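Scroll down for the structure; my scribbles are underneath it.
The values are calculated or read from the model by the stated rules, or taken from the named source; none is laboratory data. Please read all numbers here as calculations on a predicted model, not as lab measurements. Because the Cβ atoms are built from the backbone with ideal geometry, glycine has one as well, and the counts that use them run over all protein chains shown.
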Amino acid sequence: MKEFKGTQGEWDYDINANNRFDIYLKNSIKSIAIVKYGKVSYSPNKKESEANAKLIAAAPDLLHSLQNILKSHKKGVEILESKGVLSTDKYIIESEAAIEKALK
């Protein structure tokens, strides 16, 4: 399975005085991304921008969790198939596609 090549560590976000949320590496000053709101070409409101920042900050944890769930699920499918039970699971396909999209 592909590895995440982005910034390693726990991510978090905080509101900045300049109409933006800064996504950063927790316990560090390293900025990873900025989510702006207000006076930009597309102007999400503060609540929507905060929701976007929360999702971005949670992305590495979500990816890691999905990869672990997929590994575990695939092992279960392999066991079933070794016993002659055929299984095609659309969630495996969807998960692999989502992981591929994140790690391209």
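Worth pointing out:
- Residue within region 23-35 that is in contact with a helix residue (DSSP H, G or I) (Cβ under 8 Å, 6 or more places away or on another chain), among the β-branched types (Val, Ile, Thr) and surrounded by fewer than 15 Cβ atoms within 10 Å (Cβ to Cβ) present: no
- Residue pairs whose Cβ atoms lie under 6 Å apart, sitting 6 or more positions apart in sequence or on different chains, and linking a residue in region 3-20 that is within 18 Å of Ile34 (Cβ to Cβ) and part of a strand (DSSP E or B) to a partner that is among the small types (Gly, Ala, Ser) and at pLDDT 85 or above, are Trp11/Ala57; Asp12/Ala57; Tyr13/Ala53; Tyr13/Ala57.
- Odd one out for Gln67 among (1) surrounded by 12 or more Cβ atoms within 10 Å (Cβ to Cβ); (2) assigned to a loop (DSSP other than H, G, I, E, B); (3) within 20 Å of the chain's Cα centre (by Cα): (2)
- Candidates Ile92, Ile23, Ile29, Ile34: the one that is in a strand (DSSP E or B), more than 17 Å from Phe4 (Cβ to Cβ) and either β-branched (Val, Ile, Thr) or at pLDDT below 85 (or both) is Ile34.
- Lys54 vs. criteria touching a residue at least 12 places away in the same chain (Cβ under 8 Å) and outside any strand (DSSP E or B): yes
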